[in-house]
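Data block below; observations after.
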Amino acid sequence: MPARTALPLSLSSARHSRSPPLRTWNPWSSSLGSGKVMVSAEQGSVALLGSAAPLPDDGTEYQVWLVMADGSVLPGPTFVPHDDGTYVAVAEGDIDALAAVALTVEPSGGSEAPTTDPFSVSEMPAQA
């Protein structure tokens, strides 16, 4: 099981009890270009899809972090956008306990705990 690590984020408490089968929202308004997050409770996964993302510096990659409602942070995959700026990254986890998705720049191969502050954090939207 991946290590659970605290990440210095200010998040509101989880506002959901059960996730619908598939949710999509547009969270990225950061230096990573534009993107969407798709969450599937049935698959227990989160997919990030985007475009116009710059390449990270040599020796680094972007890393996805799942921020859970209890404040713990689980490491997700690392990725480097294609030359045209498009990217897809998929992380698996307990979607019902997911509070936010965060992105950091990490050394190639990723980290078990964040080594930099997140440059993008997207909270799960409240459910109607």
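The values are calculated or read from the model by the stated rules, or taken from the named source; none is laboratory data. This structure is a prediction, so every number in the text was calculated from the model and none was measured. With ideal geometry, Cβ positions are generated from the backbone for all residues, glycine too; neighbour counts draw on all protein chains shown.
Here are some notes:
- Residues (assigned to a strand (DSSP E or B) and under 15 Å from GLY35 (Cβ atoms)) located in region 74-103: GLY76, PRO77, PHE79, TYR87, VAL88, ALA89, VAL90, ALA91, ALA100, VAL101, ALA102, LEU103
- Residues satisfying the stated conditions in region 77-115, i.e. within 14 Å of LEU55 (Cβ to Cβ), hydroxyl-bearing (Ser, Thr, Tyr) and buried (at least 18 other Cβ atoms within 10 Å of the Cβ): THR78, TYR87
- Matching residues in region 26-43 - criterion: being part of a loop (DSSP other than H, G, I, E, B), surrounded by 15 or more Cβ atoms within 10 Å (Cβ to Cβ) and either modelled with pLDDT of 85 or more or not aliphatic (A, V, I, L, M) (or both): PRO27, TRP28
- Unique residue being over 16 Å from GLU106 (Cα atoms) and either touching a strand residue (DSSP E or B) at 6+ places or on another chain (Cβ under 6 Å) or modelled with pLDDT of 95 or more (or both) when the list is VAL73, VAL46, VAL80: VAL46
- A single entry from PRO118, PRO107, PRO75 fulfils the requirement of being out of contact with any Gly (no Cβ under 7 Å at 6 or more places or on another chain) and either in contact (Cβ under 8 Å) with a residue 12 or more places away in the chain or not hydrophobic (A, V, I, L, M, F, W, C) (or both): PRO118.
- The condition (being part of a loop (DSSP other than H, G, I, E, B) and surrounded by fewer than 19 Cβ atoms within 10 Å (Cβ to Cβ)) is satisfied by just one residue among PRO118, PRO54: PRO54.
- The lone exception for GLN63 - which of (1) assigned to a strand (DSSP E or B); (2) in contact with a helix residue (DSSP H, G or I) (Cβ under 8 Å, 6 or more places away or on another chain) it fails: (2)
- Here LEU11 clears all of (1) modelled with pLDDT under 85; (2) hydrophobic (A, V, I, L, M, F, W, C); (3) not in a loop (DSSP other than H, G, I, E, B) except the condition numbered (3).
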